[in-house]
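Have a look at the structure below, then the notes.
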Amino acid sequence: MIMNASAAAVALLFGVGLGAAAPQAKAEPPAMDGVYLYADDDGGKGTWTANTTCSPSCVAHVTTALGGSFDAPLIDGQYVNARTIPDGLECPLYVMGDFLFDGGYHPVSVVQWWDPVTLHGEVHFAPYSKVDIPHVPPNCYIVDHHQLFTLTKVG
């Protein structure tokens, strides 16, 4: 009997409940707050200013140095965003017959995600589905549909 009482006392002393589970620690969701340098694998660079709200789920609110902005909800541990950039594809001048035409700007659909812990991400580009195909110049297309990027916190 003395042995059983001692085992119970040791269990209580070290917080080992008899049949009771310890409360689980809940990790804070990774926030994106501050200024980040954006650098893609093609040498493109930019600056993002991000802040995160978590009520009840987390969303990173991002503003780019060029004045664009988007929201990216935290989904399965990554911030994810899908958006259309209205003038995302700049097409070169082109010749048709004896005429020189301005290629103009055309919308691009973007799907982007990144890990808030490693600050590594990917972006995929596609022509916007509602582009008026007959009026897009024949030599205008997205060359690189996929890019990797990193974010570096600078402020």
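Return a yes/no flag: does the range 41-50 have any residue that is at pLDDT below 95, more than 10 Å from the chain's Cα centre (by Cα) and among the polar types (S, T, N, Q). Steps first, please.
In the first step, residues of the range 41-50 are kept if they are at pLDDT below 95; the result is 41-44.
Going one step further and asking which of them are more than 10 Å from the chain's Cα centre (by Cα), we end up with 41-44.
From the residues that got through so far, the ones that are among the polar types (S, T, N, Q) too are none.
Looking for residues that are at pLDDT below 95, more than 10 Å from the chain's Cα centre (by Cα) and among the polar types (S, T, N, Q), one finds none in the range 41-50, hence no.
Need the failing condition index for GLY104 against (1) surrounded by 14 or more Cβ atoms within 10 Å (Cβ to Cβ); (2) on the phi < 0 side of the Ramachandran plot, just the number. Of (1) surrounded by 14 or more Cβ atoms within 10 Å (Cβ to Cβ); (2) on the phi < 0 side of the Ramachandran plot, only one is false for GLY104: (2). The single condition from (1) surrounded by fewer than 16 Cβ atoms within 10 Å (Cβ to Cβ); (2) among the hydroxyl-bearing types (Ser, Thr, Tyr); (3) within 10 Å of the chain's Cα centre (by Cα) that SER69 fails is (3).
Reported count of residues in the range 92-125, each being within 23 Å of LYS45 (Cβ to Cβ) and hydrophobic (A, V, I, L, M, F, W, C), is 9.
The values are calculated or read from the model by the stated rules, or taken from the named source; none is laboratory data. No experiment lies behind these values; they were computed from the predicted model shown. Neighbour counts run over all protein chains shown; Cβ positions are idealised from the backbone, glycine included.
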